[in-house]
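The values are calculated or read from the model by the stated rules, or taken from the named source; none is laboratory data. This one's a predicted model, so the numbers in the text were calculated from it and none came from an experiment. Cβ atoms come from the backbone with ideal geometry, glycine included; neighbour counts cover every protein chain shown. Surface areas here come from the heavy atoms of the whole protein model, side chains and all, with no ligands, DNA or RNA. Shrake-Rupley method; radii C 1.70, N 1.55, O 1.52, S 1.80 Å.
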Amino acid sequence: YYDESWTVMSLLMLSDNFLDYNLYGSPTPTPTLSAYAPLTIRVDAGSVTNVVDSAGATWFADQQFGGANNWGYDATNQGSTSTYTATISNTLNNQQALYETERWGNPTYHFTVPSGYYQLLFKFCENYDPDSHAGGRVFSFSAAGVPVTTNLDVFAAAGAEHKAYDLLVTVASTTGQLDVLFSDRKSVV
């Protein structure tokens, strides 16, 4: 095969079909993302006051995005808020208050962030009695333009009413903004 290899290379060169690397530009580098961006934002959706849990973590009161606020809900897709007083089971670090408030009705959140990978921890609880059954409230949401989950039924996932259900996902943001869109549709993009 050695002789045949030289023959093929010679024929390619003589016929001017040998690959000329000078005709091709440098490849466009793929943007690199940091392993995990060093940014933590804890939001207590629907709350009007900050909450500090027993681990010392501060969960910020909900706010509208814009102006000096580099994170918050979208003014045109803000949904509605509710507060409940039921005892929430399955909570950690005395985070009962986080599950007692909510923003519902297809809100959109915006976060101005550096490009990178982000771990998002969503804390859900089905507290609304008319929807506190399997299939009562089913929704989907996306983060950074990627569907995170479709057809989420918090009551079915938690197994009971007033029971905490946490969902951890990892997403990549390359645009300087990480948007989270909720939808009562079966799928969301």
> Under a 5 Å amide H to amide H cut-off, with H placed in plane at 1.01 Å, what residues pair with Ser115 once short-range neighbours are removed?
Replying inline: Gly176
> Given C-alpha coordinates of the stretch 99-189, what is the ratio Rg to Rh with the Kirkwood estimate of Rh?
Replying inline: 0.99
> How far, in degrees from 0 to 90, does helix 2-14 lean away from the longest principal axis of the Cα atoms of the chain, to the nearest 10?
Replying inline: 90 degrees
>> Give me the 1.4 Å probe accessible area per residue for the chain, excluding ligands and nucleic acids, in Å².
In response: 61 Å²
>> Once you place label points 7 Å from the Cα toward the Cβ at Arg137 and Val52, how far apart are they in nm?
In response: 3.0 nm
> Based on the alpha carbon coordinates of the chain, what radius of gyration and maximum Cα-Cα distance (Dmax) apply, in Å?
Replying inline: 25.0, 84
> Order of 97-110, 164-177, 124-137 by packing, highest average Cβ count within 10 Å first?
Replying inline: 97-110, 124-137, 164-177
>> Restricting to DSSP H runs of at least four residues, report the calculated mean residue ellipticity at 222 nm for the chain, -39500 (n - 2.57) per run over all residues, nearest 500 deg cm²/dmol.
In response: -3000 deg cm²/dmol
> Which residue, chosen from Tyr99, Leu121, Thr175, occupies the Cα position most advanced towards the positive end of the dipole of the chain, where the dipole is computed from +1 (Lys, Arg) and -1 (Asp, Glu) charges on Cβ about the Cα centre?
Replying inline: Tyr99
